[in-house]
1. Can you pull out the residues in the range 174-188 that are more than 23 Å from G141 (Cα to Cα) and either touching a Gly at 6+ places or on another chain (Cβ under 7 Å) or open to solvent by 20 Å² or more (accessible area, probe 1.4 Å) (or both)?
2. Filter the range 199-231 down to residues that are in contact with a Gly (Cβ under 7 Å, 6 or more places away or on another chain) and crowded, with 19+ Cβ neighbours inside 10 Å, then give me how many there are.
3. Residues to consider are L140, L131, L170, L93; find the one that is open to solvent by 60 Å² or more (accessible area, probe 1.4 Å), hydrophobic (A, V, I, L, M, F, W, C) and not in a helix (DSSP H, G or I).
4. Among the candidates A37, A105, single out the residue that is in a helix (DSSP H, G or I), of a type outside the set (S, T, N, Q), touching a residue at least 12 places away in the same chain (Cβ under 8 Å) and exposed (fewer than 15 other Cβ atoms within 10 Å of the Cβ).
5. Among the listed residues A160, A196, identify the single one that is crowded, with 20+ Cβ neighbours inside 10 Å and either at pLDDT below 95 or in a helix (DSSP H, G or I) (or both).
6. Filter the range 50-87 down to residues that are exposed (fewer than 14 other Cβ atoms within 10 Å of the Cβ), part of a helix (DSSP H, G or I) and at pLDDT below 90, then give me how many there are.
7. Inspect all residues belonging to the range 109-127 and state whether any of them is more than 22 Å from L94 (Cα to Cα), open to solvent by 30 Å² or more (accessible area, probe 1.4 Å) and in a loop (DSSP other than H, G, I, E, B).
8. Cβ-Cβ under 6 Å, sequence separation 6+ or interchain: first residue in the range 165-181 and of a type in the set (S, T, N, Q), partner at pLDDT 95 or above and assigned to a strand (DSSP E or B). Which pairs?
Amino acid sequence: MCTLLVSDIPGDEPALVASGPTIGSPFGPDEAGAVVARHGLELPAAARERLADNVPPTPAELGARCHHTVLCSAMQSLEAAAAAARAAGLAPLLLGDGLEGEARAMGTVHGGIAHSVRRWHQPVAPPAVLLSGGEATVTLGDAGGRGGRNTEFLLALAIALDGAAGIHALAADTDGIDGSEDNAGAVIGPDTLARARALGIDPHDALARHDAYGFFEALGDLVDTGPTGTNVNDFRALVIE
C-alpha cells in the first residue's frame, strides 16, 4: 500500500494527517477507551464492540508492506515562498510551520518582530519578508462576529503595527476558506487603520467583537480565491520594505 499525503499537520506525522486511515497506528484500545471515557462520548454499537475486542495496535511487520510520501506540506509552502522572496530581492525569515495559539496574540507577536526588523534590522535586515504557517485559534466567548483566524490575526497585527511605514502583510488559509467564511484571508498595509477610521470603523471594537471579516469587507481587502483543492494549513507573510 502506498499513501500520498497532503499534510496540514505541523510536523507532518503521517498517522495524524486525515486521521491516518492507511497508516499503522501506535495506539491501542486502552488509549481509545480513555479518550471515550474522558469526554463522555456515545459510540455506535459497532465501535463499542471493536473496543471490547481489545485488538492490539497495528503489527510492526505491516510497516514493511505500507509506504507513504508527503507530497506537500506547510514547510514546503514556506520554502517555496522563501525562494520567491529571494528572487524578488527580499530576505526571507521562516518563523516556523507549526505556530499555534490565539490569533490576536500571534498578530501582536508578529507585529513586534516586524517593528524590530524595521527599526533595528533584527533578526533580519530589510527588505525582508517574515513567513509563518500553522493554525491559530479564535476563542469567541460571548462575542460572535464574522471572521476567521487569519482575518483576526491581521486585524490584531494592523493594530500592533499602528500604521508603520513600509510594512504590508497577507494571511490566508491555503484551502481557500478562512474558518467558516467565503474568503481565504485578507491583506493589510500602512493605511489600513486610517482607512477604517475614515469609514467610522473602530479597529479595537471590531477586534473585541471578533468581526474581522466585517472590518476587511468594508475596506475591500478580503482575499477571495475560492476553494484551492489543497490544504497545507495557514500561510502568513509580512513584507518589510
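The values are calculated or read from the model by the stated rules, or taken from the named source; none is laboratory data. Keep in mind it's a predicted model, so treat the numbers as computed, not measured. Ideal geometry is used to build each Cβ from the backbone, glycine not excepted, and the neighbour counts take in all protein chains shown. The protein model used for the area step is the full one, side chains on, heavy atoms only, and it has no ligands, DNA or RNA in it. Shrake-Rupley method; radii C 1.70, N 1.55, O 1.52, S 1.80 Å.
1. Matches in the range 174-188: T174, D175, G176, A184, V187.
2. Looking only at that region, the number is 6.
3. Matching residue, one of L140, L131, L170, L93: L140.
4. Numbers: A37 fails: touching a residue at least 12 places away in the same chain (Cβ under 8 Å).
Residue meeting the stated conditions: A105.
5. On the way: A160 fails: crowded, with 20+ Cβ neighbours inside 10 Å.
After applying the criteria, what remains is A196.
6. Summing the residues that are exposed (fewer than 14 other Cβ atoms within 10 Å of the Cβ), part of a helix (DSSP H, G or I) and at pLDDT below 90 in the range 50-87 gives 7.
7. no
8. Short answer, once both residue conditions are applied: T174/F235.
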